[in-house]
Structures are given as structure tokens and as C-alpha cells.
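First the structure, which I've put down as C-alpha cells, then a few questions once you've had a look.
What follows is calculated from the coordinates using simple rules that are stated; it is not laboratory data. Remember, it's a predicted structure, so these values are computed and weren't measured experimentally. Using ideal geometry, Cβ is built from the backbone for each residue, glycine included, and neighbour counts are taken over all protein chains shown.
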Ligand SMILES: OC[C@H]1NNC[C@@H](O)[C@@H]1O
């Protein structure tokens with residue numbers, strides 16, 4: 001079990017578990033529109049084993065059981081995401097009554113179980129109809145998303161404990177438009193530059209629209225890596241710093257300083273949208289809280305073969321999880337204190353942290369992984385970071401994007417043939433931490 005006690009975090013600290021719509025819902029029915037992940041995963045070669053989110057964890061039908069798992073585990077909150085195409089099938093225009101009904105019942109189910117609903121408006125399942133109109137490369141997405149955000153707020157806002165606009169803008173932009181690993185699968189520096197700005201413009205535009213509606217407890221969730229040089233050479237040190245700019249500082253500087261870092265702008269060069277600087281006041285709209293997703297560190301070396309972003313990742317020597325990410329808890333303490341010291345004194349939430357295993361392992365290291373990272377949260381709080389909560393990723397084994405169902409992050413095992421849920425050792429560790437008992441269901 002964990003070495004920490006619930007009291008170590010203070011009585012107001014929130015513990016939760018997190019999921020995302022496309023990764024768990026399935027339920028491609030009842031008026032749900034197509035998303036870019038439906039088309040991306042249907043395209044051979046994009047997802048391991050040809051897996052798709054067509055069924056996933058069947059959460060669309062099994063959500064009461066999943067909420068019971070959260071309540072029985074003693075969690076205070078549930079971080080979930082709305083599926084834009086389930087609520088507005090074409091992305092703009094008419095809402096889907098059955099989609100609204102689903103989230104009405106889901107949110108009421110949380111409240112009935114004493115679970116605080118921590119909502120994310122966008123966790124990557126863009127309506128395909130909007131991709132047809134240019135998707136994130138079209139600056140109009142800011143208005144499309146703001147209208148969607150206002151709809152969500154009008155129907156559910158009074159019951160939400162917190163609302164994040166977007167999950168992991170780096171993944172929406174760079175991973176999906178520069179590296180092509182996620183939907184829509186572009187490998188285009190010009191697309192990446194424009195989406196790297198449009199995703200934050202969209203966030204800020206939605207914040208303004210939600211503020212006009214009187215919405216409260218608004219934030220955004222960004223993912224961070226401890227970006228380090230692969231060697232002490234000046235070139236590698238510069239490579240580590242540049243990746244820190246690409247992954248971390250682009251979003252921190254944009255959101256909290258109203259400007260993008262010069263070293264990354266220099267790499268994007270002429271590909272940035274015209275007059276983007278006019279948008280920076282919107283991009284850096286004041287927030288009520290900030291979400292940090294953290295998993296690992298990465299090592300970088302100079303790569304002179306590349307004309308832009310001249311760097312390449314180097315495999316590190318530390319113990320790794322099943323998805324190949326080094327176990328580096330210090331990085332969580334470092335990023336939390338860096339954000340608190342250099343960027344914002346807003347309330348911070350660790351909105352995702354966890355480790356992957358493969359089928360059949362119930363990886364004994366997972367309890368130690370969580371224990372060490374919870375220790376980093378305590379250390380960051382000791383150093384002055386106002387960390388208010390921690391969400392384990394994920395409640396359930398689920399569709400891990402390009403890795404399909406092969407990589408399992410769940411506190412609860414899912415047998416995808418039977419949809420049977422089985423709490424893992426790490427679930428029991430949280431249950432003991434949060435309830436003081438180990439209550440086998
Ligand atoms: O890779 C693990 C997780 N990382 N953050 C976003 C989630 O959707 C992923 O499953």
C-alpha cells in the first residue's frame with residue numbers, strides 16, 4: 001500500500017480518477033456524430049492492432065458501475081470529458097437530445113454518489129464535420145468551440161465542480177499536426193505552427209464566452225515533461241532546452257505571460273498565422289485553476305540533419321513502464337514548483353498521473369509509482385505550490401490512442417471480451433488511503 005496517509009494532504013485536498021470520452025464510452029449510437037478518432041483509427045496503420053474506440057469500455061451503457069467503482073474507492077471527484085460529437089453531431093448547429101440526456105444522467109449519477117464532476121470540454125474527439133472545414137487549422141474553430149462550450153455550460157454548468165476547456169493542447173497541436181501520431185495525423189510544420197496558436201486562441205475565446213455566461217471554476221489542462229539534455233555538450237543542452245520550449249514553455253508562456261517563447265517561434269519561422277500577436281490577450285485570459293498532467297521525463301540530443309527543430313529523443317537509462325516512459329517522480333515536483341514559482345499562484349491540480357502495463361501483469365510497480373508521485377505532490381506543496389488535488393490516470397484500462405488497448409493505465413482492469421471490471425492492487429491502495437479499509441467488492 002502507500003507510505004502516505006490521507007491526512008498528509010489536508011482535509012480539503014481532492015483525490016480523483018480520470019478518463020476521457022473517446023477512450024471509454026463506445027456508444028457510437030443515439031445520434032453521436034463521427035469524430036476524427038473514428039476516422040483515424042479506421043485507417044489501417046494508425047492504431048496498434050487496428051483497435052478503435054467503437055466499443056471501448058462500453059461506458060455509455062456501464063457508467064453506473066463505473067461511478068460505483070469511484071465511490072467505493074473513496075474518491076472525491078471524477079475527471080471526465082464531454083464528447084463534442086455526441087452533443088453536437090456536426091460540431092456546430094443542432095444539439096443531440098440523446099447526447100444531452102446521457103451526460104445529464106452521468107453527472108446526476110456523480111452527484112448522487114458524492115463525486116465532484118471535473119469536466120473537460122475537449123479531449124481530442126473533434127467532430128469529423130469540423131475537420132472537413134479545416135479543423136484546428138481553421139481559425140474559425142475558436143468560434144465553433146466557444147458555441148459548444150456555451151451549450152455545455154447552459155445544460156450542465158450549474159452541476160460542474162470545475163471545467164477545463166482543452167486537454168493537453170500540445171497533443172492537439174504538435175503530436176497531431178507535426179508528428180502525425182494522433183488524429184488527424186498531419187506531419188506539417190505549417191499546420192503545427194497554426195494549430196499551436198489556434199488551440200490556445202480557442203481556449204481563450206471559450207473562456208471569454210463562458211465568463212459572459214457567468215461560468216465559474218474555469219481552467220485548462222496541459223501536459224508537461226521534464227525535458228533534459230542527453231549529454232552535457234552545449235548542443236545537447238540546447239536541444240533539451242528547445243524541447244522544454246516546444247513541450248512546456250510554449251503553453252506556460254502563452255497562457256500566463258501572453259507571449260510565445262522566442263526559441264520555438266524561431267523554429268516555426270514564417271509558418272505562424274498572420275497577426276497572431278493580436279490574439280495574445282485572449283490566449284492569456286485569467287483562469288481560476290490550472291491542470292497539470294505528468295508522466296515522465298525525456299532526453300534530447302542535437303540533430304544537425306533537421307532544418308527545423310534540430311533535435312532527436314534519446315532513450316534514457318531509468319526503469320521504464322510498459323509504454324517505454326522512464327519512471328521519474330522528481331519531474332512532477334519540479335514542474336509543480338516551477339509553475340508556482342515562475343508562472344502562476346493559481347490553484348493547481350495534478351489532473352493526470354499514472355503508468356501503463358500490459359495485459360495480465362497488474363504491475364506490482366504501479367503502487368510504488370503512485371506512491372512516489374504522491375510524495376512529489378507533498379514535496380511541491382512543502383515548497384509552496386498550491387496543489388489542491390490529484391487525479392490518477394486512469395480509472396479504467398481503456399483505448400490508449402495509437403497504442404490501442406495494448407497499454408493498460410487503469411486502476412481497474414477491463415476484460416474487453418466480457419467488459420468485466422476487476423480492481424487492481426493500485427485501486428486497493430487508493431481505497432485504503434481514502435477509506436482506511438480494503439473493501440473487496
Ligand atoms: O498516455 C496516457 C494519457 N496521457 N494523457 C492523455 C490521455 O488521454 C492518455 O491516455
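Using a 10 Å cut-off on Cβ atoms, rank the peptides 68-74, 18-24 from the highest mean neighbour count down.
Top of the packing list down: 18-24, 68-74.
Next up: What percent does the relative contact order of segment 16-147 come to when contacts are Cα pairs within less than 8 Å and at least six residues apart?
Computed over segment 16-147, the figure is 33 percent.
Sort the following peptides by mean Cβ neighbour count (other Cβ atoms within 10 Å, averaged over residues), highest first: 321-332, 1-12, 116-127.
116-127, 321-332, 1-12
Going by the alpha-carbon gyration tensor, a ≥ b ≥ c the square roots of its eigenvalues, is segment 160-318 rounded (a/c under 1.5) or, if a/c is not under 1.5, prolate (a/b greater than b/c) versus oblate? Walk me through the numbers on the way to the answer.
Working: a/c = 2.09, a/b = 1.62, b/c = 1.29.
The shape class here is prolate.
List the relative contact order of segment 300-342 as a percent without decimals, with contacts defined as Cα pairs under 8 Å and 6+ residues apart.
Answer for segment 300-342 is 21 percent.
Take the chain, connect every pair of alpha-carbon atoms lying under 10 Å apart with a spring to form a Gaussian network, then pick out the residue of 273, 169, 317 with the largest mean-square fluctuation.
The residue that fluctuates most here is 317.
Right, next: Shape call for segment 24-164 from the C-alpha gyration tensor, a ≥ b ≥ c root eigenvalues: rounded (a/c under 1.5), prolate (a/b greater than b/c) or oblate?
Judged from the Cα gyration tensor, segment 24-164 comes out oblate (a/c at least 1.5, b/c at or above a/b).
Using a 10 angstrom cutoff on alpha carbons, build the Gaussian network for the chain and name the most mobile of 218, 318, 210.
Evaluated over the chain, the most mobile residue of the options is 318.
Okay, next question. Sum -39500 (n - 2.57) across every DSSP H segment of at least 4 residues in the chain, then divide by the residue count to get the 222 nm mean residue ellipticity, nearest 500.
Values: 15 runs with 161 residues, N = 441.
Here the helix-only value at 222 nm equals -11000 deg cm²/dmol.
Return a whole-number percent for the relative contact order of the chain, with Cα pairs under 8 Å and 6 or more residues apart as the contact set.
18
To continue, here is another question. Could you work out how far apart the two model spin labels at residue 318 and residue 213 are, taking each label as a point 7 Å from the Cα in the direction of the beta carbon, and quote it in nm?
4.0
Express in nm, to one decimal, how much length is gained between residue 12 and residue 416 on full extension, taking 0.36 nm for each residue of separation and deducting their alpha carbon distance. Before the final figure, lay out each step's value.
Numbers: separation 404, 0.36 × 404 = 145.44 nm, distance 3.62 nm.
Between residue 12 and residue 416, full extension yields 141.8 nm more.
Could you calculate, for segment 13-425, the ratio of the Cα radius of gyration to the Kirkwood radius, expressed as Rg to Rh?
0.93
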